[in-house]
Amino acid sequence: MSRPLYRGVSGVRTPEHNHDSWESHNKDKLDKEDLDKKGSSNHSSLPLKSPLKLLFSDNSHSKFGTNENGYSSDPLIGTARSRHKLVLHLLKCSLVFLVILALAGSFLWTVSISTTSRGQIYHGYRRLQEKLVSDLLDIGELSSAPSKMKELEFCSPELENYVPCYNISDNMGLGNSDGDQLDRQCGPELRQNCLILSPTNYKIPLRWPTGRDVIWVANVKITAQEVLSSGSLTKRMMMLDEEQISFRSASLMFDGVEDYSHQIAEMIGLRNESNFIQAGVRTILDIGCGYGSFGAHLFQSQLLTMCVADYEPSGSQVQLTLERGLPAMIASITSKQLPFPSLSFDMLHCARCGIDWDQKDGLLLIEADRLLKPDGYFVWTSPLVNARNKDNQERWKVIHDFTENLCWEMLSQQDETVVWKKTSKRNCYSSRKNGSPPPLCGRGYDVESPYYRDLKNCIAGTHSSRWISIDKRATWPSRDNLNKEELAIHGLQSDEIMEDNESWRTTVQNYWSLLSPLIFSDHPKRPGEEDPPPPYNMLRNILDMNAHFGGFNSALLRAGKSVWVMNVIPISGPNYLPLIHDRGYVGVLHDWCEAFPTYPRTYDLVHADGLLSLETSQQRRCTMLDMFIEIDRILRPEGWVIIRDTIPIVDSARALIARLKWDARVVEIESDSHQRLLICQKPFFKRRAN
């Protein structure tokens, strides 16, 4: 279905020729190129001559030639002309001398340049050269657009829930086992150059907060048997009918998440879960989150819970959690580090998550320690904690002893739940018994950019300037405004963040007005009435592909929008992901030439500010079209894409987007003549029933 993309908004104006066809645009461009070629051919001889040849060229006629009127020349005039030629020759020689003198002076100045200056000049030259290559690539894409305008085909039905980089059978064929077969493998593979269709009975998700508690069965790949046969805490609170799955965390029929979270708060020493904020807790990593009920309950207390779970071909925890409008991503902790910086989360939670923490010589617990901030909490619920048989008791002792070596303090144990607190005192590690594993990582160990690296057998983060106790950080929402000392850790000043925040405040206002036509289906305009304001819950799941300082996320929350944002930092750009986590948000590192670790149809809005310029300025192993196909995969039907970039990049992107069947419109930015917005909406295509 197609809807009007936007209406006028203050601060933004629309080009008058947005509806011109691509063919006419390309024809004008070709005509211009023909004129340029003709103009260049008329003057081609001049640039090809050397300067000395131009100076000494003889344009006089022969002694007995004809003048321009066709009459014979007078031989008596030759002597005067010879004197004139001599004078001109002397002038030319003087000019040549001056040129040589200037060149010699320039050469001597160049020799006197310092090594540092040479490096700066060379770096500037390289940047200009890279920009030229980027512009030529953009021009090439535009000029060849007519031959590429064929729309992409739809994928086959078996790819409705396709997630690249996760192929369990192939991983097992490579000999991976013991959980490693669930790892992400993004090596060279055939790209799916097709568009994934929605399932036959797919329906647009309900708006937040209704969509948190009720989802459509057809939107997720799960069977009734998988719902009813599960015995985990969160899955027991699912009620299934013919078309919907309902989640009732406070139902009297089941063990409630409210009681469980209240128990955890008391074990920490708090009155209830609403006091987590006062204890310094804002961000929680929920490992093996079930279907997100723990995070859904805590969201009302302004706690941000990120769910991570293994890839599952069906009955996916991550897919259902995202369908509910809750933060989630596919991630396995079996052999690789998670793509988060060290010291990122205030709490880690694992309730029957299926992780054997006693295995792999403690590597999994070391990774959990890396992710925790000083004085952060690790909450684990497992039958192993309250084991009766000897084997499980020995496993519990291994975990208990290893956490002591990590300098974790066990605060409390009740039934199957135990809570530890990570130390904030660095001297704890030096006071351990001699030879107690694991050792501390060296100062040169990079803990800020762990992009799916192998698990490390050492304690990370102790040398980081971000080693700050959660008790000493400002509580939420004041944490969003880092103080001068905290900003200095990230190489920033207060005025930079203030300027960034103000810029995004205005930008979010404009975005919301541009997307306002979404409301018309629910709020039809009556004659004589002004347009109603866009609803606060117009969007829920947002992916920021190039998050910078996290200003877009901050501006959305300050404006009262009921959203959560997955902040992504491309590995090809500056890494401000530690800053984003320190501000109380969540995000990941990612290579946009690879598939994002999520299921199809999971985001309402995908935002790309300067991403295409960043990616095309480097030699990449993927094309702009590859990135758009991936955006189409993870975008929900009737979802939105906002691209903010330079004018050449936006023009090139618009030509490629025509192949994806998206509705698109370019919007000029009055405050910036060098950038444009490209607003796109994905149509609602779904497979027909057989």
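The values are calculated or read from the model by the stated rules, or taken from the named source; none is laboratory data. Keep in mind that what you see is a predicted model, and the values were worked out from it rather than measured. Virtual Cβ from ideal backbone geometry, glycine too; neighbours counted across all protein chains shown. Each accessible area value is taken on the protein alone, full model and side chains, heavy atoms only, with ligands, DNA and RNA left out. Shrake-Rupley method; radii C 1.70, N 1.55, O 1.52, S 1.80 Å.
Data for the structure
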item: Members of region 406-420 found to be surrounded by fewer than 18 Cβ atoms within 10 Å (Cβ to Cβ) and within 17 Å of D369 (Cβ to Cβ), listed by number; result: E409, M410, L411
item: Only one of I284, I245 that is in contact with a strand residue (DSSP E or B) (Cβ under 7 Å, 6 or more places away or on another chain), more than 18 Å from E367 (Cα to Cα) and not in a helix (DSSP H, G or I); result: I245
item: Residues that are within 19 Å of the chain's Cα centre (by Cα) and of a type in the set (V, I, T), drawn from region 327-354; result: I330
item: Leading residue by the ranking (modelled with the lowest pLDDT) among those in region 435-444 that are in a loop (DSSP other than H, G, I, E, B) and under 22 Å from I399 (Cβ atoms); result: G435
item: Any chance A608 is assigned to a strand (DSSP E or B), of a type in the set (G, A, S) and open to solvent by 10 Å² or more (accessible area, probe 1.4 Å); result: no
item: Selection within region 431-483 - among the small types (G, A, S) and touching a strand residue (DSSP E or B) at 6+ places or on another chain (Cβ under 7 Å); result: S449, S469
item: Residue check for E394: open to solvent by 10 Å² or more (accessible area, probe 1.4 Å), charged (D, E, K, R) and within 28 Å of Q278 (Cβ to Cβ); result: no
item: Answer from I284, I330, I268 - the residue that is open to solvent by 20 Å² or more (accessible area, probe 1.4 Å) and modelled with pLDDT of 95 or more; result: I268
item: Within region 477-501, considering residues that are over 14 Å from G550 (Cβ atoms) and not in a helix (DSSP H, G or I), the one most open to solvent (accessible area, probe 1.4 Å); result: Q493
item: Cβ pairs under 8 Å, 6+ apart, first in region 191-207 and farther than 11 Å from R687 by Cβ, second open to solvent by 50 Å² or more (accessible area, probe 1.4 Å) and not in a loop (DSSP other than H, G, I, E, B); result: C194/F154; L195/F154
item: Top-ranked residue of region 564-592 - restricted to ones that are touching a helix residue (DSSP H, G or I) at 6+ places or on another chain (Cβ under 7 Å) and in a strand (DSSP E or B), ranked as nearest to D604 (Cα to Cα); result: V565
